[in-house]
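Okay, so here's the structure we're looking at.
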Amino acid sequence: MTKSLFDSFDEVSAKEWKQKIQFDLKGADYNEALIYNSLEGIDIKPFYHQEDVAAIDTPVTHPVSWKNALKIVVEQTTTSNQKALSSIKKGAESIHFVITQKETDAKELLKGIPSTINIFVETQFLCASYIQKLNNIADKTDLNIFVLTDIIGNLAKTGNWFDNLKNDHSLLKEIICSSHLKSSLSIDIGLYQNAGATMVQQLAYGLAHANEYLNHCNNTKISLGKTPIVFKVAVGGNYFFEIAKLRALRWLWKTLASEYNTLSECHIIAYPSHRNKTILDYNVNMLRTTTECMSAILGGADTVQNLPYDDVYHLENDFGTRISLNQLLLLKNESYFDIVSNPASGSYYIESLTNQLAEKALALFKNIEDSGGFLKQLKSGTLQKKIKESATKEQELFDNENIVLTGTNKYQNSNEHIPEIQKPIFPEKKVRKTLLAPILTKRLSEKIEKKAMHA
């Protein structure tokens with residue numbers, strides 16, 4: 001009988017490890033020296049042991065594989081179609097179209113795209129007849145079309161419904177009933193991340209956001225059928241936490257979906273955050289997006305959509321787009337990030353983080369529901385206030401260099417070259433009438449950038 005290599009060693013308990021560490025600290029306080037408290041209120045320990053996960057019984061599902069995606073903002077139909085076809089030849093496995101005008105010819109836009117490609121369509125308007133055209137195309141061509149409809153996300157982002165509450169929900173019903181689409185409903189969690197919410201808040205608000213739709217469908221007898229809800233998730237630079245965040249999201253959705261007897265699987269589109277991207281030492285953005293895409297993959301995203309390193313300040317360009325796609329192709333084809341299924345499973349640290357994030361998010365979600373639900377707290381300004389408090393705390397940590405962005409607030413380039421700015425990089429305050437205060441996004445480096453640009 002073959003003996004395992006580890007059979008030669010005695011098992012060491014967590015208590016014994018801690019005693020050894022305390023001895024080596026030579027009188028220094030263990031908690032002060034080695035325990036780090038995160039913004040999420042989670043204590044990070046210097047080591048993790050099997051005992052940390054012994055009581056965890058929250059199995060997390062993981063997609064068998066992931067697909068890369070390229071985002072295209074549609075301004076001219078034929079040009080966007082050609083751009084999509086060209087990108088597919090270069091390795092794109094999914095296309096995310098953002099349509100700004102109702103006049104866009106959907107049939108022309110999707111012309112020639114193979115049925116093996118996932119197509120995500122996001123419209124900046126709400127029009128059931130337009131979605132019906134996409135539904136008919138899916139029926140006749142077998143294209144995999146996911147429509148990303150999020151009327152509540154639009155309300156949170158802009159402060160207004162597309163039209164009004166009644167009409168938006170009426171049109172939503174028509175859209176959900178489009179039976180040939182792979183999905184017709186989405187939840188934009190990325191908005192909360194880019195506004196400065198903690199990961200616990202992102203998960204809880206995303207779950208409460210989704211619960212509003214499930215409640216509405218349940219009350220109006222609308223069936224979601226077998227189409228999954230799509231979660232759009234922004235991924236930041238906290239590598240292991242972001243892996244755990246995506247895993248926690250799957251577990252939380254499965255828990256919520258079981259209460260409504262709806263499909264327990266969801267589709268996650270993950271993409272790098274804007275919040276930690278800068279115009280200072282801007283090439284470092286390329287490294288940030290690489291590690292963030294790695295977190296997305298290891299965390300179990302179904303679709304990973306990269307952010308061009310110059311997206312903050314440049315208009316869409318061939319070089320930035322090509323590099324962003326190549327980063328994903330390198331991760332899949334050269335680094336083999338698609339070979340191992342559920343690679344984070346069994347890691348004591350990540351399993352512990354996943355469980356703690358899920359438990360804290362679930363507790364916050366229940367608190368939101370007990371207080372009247374997501375929409376009520378959004379309309380009262382409670383959610384906006386909580387996000388602003390978290391964002392302010394994170395900003396203070398960044399300003400004091402407790403959160404570091406290399407080349408921006410630490411290790412600055414003395415010969416800094418400010419790139420050509422082709423689009424607004426600082427949010428403008430627009431005075432307009434809104435039903436409620438919108439959730440505003442902001443990058444951490446804006447104050448330093450303004451100083452550098454006026455130096």
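The values are calculated or read from the model by the stated rules, or taken from the named source; none is laboratory data. Not measured: the values here are computed from a predicted model. When we count neighbours, we look across all protein chains shown, and the Cβ atoms used for this are built from the backbone with ideal geometry, even at glycine. For the accessible areas, the whole protein counts, side chains as well, though only heavy atoms, and no ligand, DNA or RNA atoms are used. Shrake-Rupley method; radii C 1.70, N 1.55, O 1.52, S 1.80 Å.
Tell me, what is the FRET efficiency for residue 329 and residue 47 to the nearest 0.05, using R0 = 35 angstrom and their Cβ-Cβ distance as r?
Working: r = 36 Å, r/R0 = 1.03.
For R0 = 35 Å, the calculated efficiency reads 0.45.
Which value, in nm² and rounded to one decimal, describes the direction-averaged projected area of the C-alpha convex hull of segment 19-105?
Hull-based average projected area comes out at 11.8 nm².
Ranking request for peptides 228-237, 169-178, 34-43, 297-306: highest mean number of other beta-carbon atoms within 10 Å first, then the rest in descending order.
Numbers: 228-237: 23.8, 169-178: 18.8, 34-43: 14.2, 297-306: 25.4.
Highest to lowest by the protection proxy: 297-306, 228-237, 169-178, 34-43.
Give me the dipole magnitude in Debye, nearest 20, for segment 290-373 about the Cα centre, with unit charges on the beta carbon: positive for Lys and Arg, negative for Asp and Glu. Working shown, then result.
Values: 4 positive and 12 negative charges, 39 e Å.
With only Lys, Arg, Asp and Glu charged at Cβ, the dipole is about 180 debye.
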**Q.** Estimated inter-spin distance, residue 447 and residue 174, nm [label 7 Å along Cα→Cβ]
**A.** 4.8 nm
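What is the percent of Cα-Cα separations in segment 1-159 that go past 22 Å?
Values: 8024 of 12561 pairs.
So the portion of pairs separated by more than 22 Å is 64 percent.
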Q. Which of 253, 213, 233 sits closest to the plus end of the dipole of segment 171-254, meaning its Cα is farthest towards the positive end, when Lys and Arg get +1 and Asp and Glu get -1 on the C-beta?
A. 253
**Q.** Dipole-positive endmost among 27, 342, 104 within the chain (Cβ charges, Cα centre)
**A.** 104
Q. Can you tell me the Rg and the Dmax, both Å, for the Cα atoms in the chain?
A. 23.0, 77
Q. Taking the Cα atoms of segment 159-255 alone, what are Rg (to one decimal) and Dmax (as a whole number) in Å?
A. 14.7, 42
Q. Over the chain, what is the relative contact order in whole percent, taking alpha-carbon pairs under 8 Å and six or more residues apart?
A. 18 percent
Q: Give the calculated FRET efficiency between residue 125 and residue 35 to the nearest 0.05, with a Förster radius of 41 Å applied to their Cβ-Cβ distance.
A: 0.25
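Normalised by the residues of segment 148-198, what does the relative contact order come to in percent, with Cα pairs under 8 Å and at least six apart?
Working: 31 pairs, mean separation 21.7, N = 51.
Once divided by the residue count of segment 148-198, the mean separation gives 43 percent.
Is the shape of segment 292-365 rounded, prolate or oblate, going by the alpha carbon gyration tensor and its root eigenvalues a ≥ b ≥ c, with a/c under 1.5 for rounded and a/b larger than b/c for prolate? Intermediate results must be reported in sequence, preceding the final value.
On the way: a/c = 3.79, a/b = 1.63, b/c = 2.33.
The shape class here is oblate.
Over the alpha-carbon set of segment 268-408, divide Rg by the Kirkwood Rh and report the Rg/Rh ratio to two decimals. Walk me through the intermediate numbers first.
Values: Rg = 18.2 Å, Rh = 17.9 Å.
Ratio value, two decimals: 1.02.
Relative contact order, percent, of segment 328-427 when contacts are C-alpha pairs under 8 Å separated by at least 6 residues?
Relative contact order comes out at 7 percent.
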**Q.** Extension gain, residue 319 back to residue 339 (0.36 nm per residue minus Cα-Cα distance, nm)
**A.** 4.4 nm
(Q) Given a 1.4 angstrom probe, I'd like the percentage of the accessible area of segment 312-401 that is carbon and sulfur, rounded to a whole number. (A) 51 percent
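In whole percent, and with a 1.4 Å probe on the protein chains, what portion of the accessible area of segment 62-200 is carbon and sulfur?
Working: 2670 of 5720 Å².
It is 47 percent, rounded to a whole number.
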Q: Using only the Cα atoms of segment 87-246, build the gyration tensor, take square roots of its eigenvalues as a ≥ b ≥ c, and label the shape rounded, prolate or oblate: rounded if a/c is under 1.5, else prolate if a/b is larger than b/c, else oblate.
A: oblate
(Q) Using a probe radius of 1.4 Å on heavy atoms only, what accessible surface per residue do you get for segment 1-157? Whole Å² is fine. (A) 59 Å²
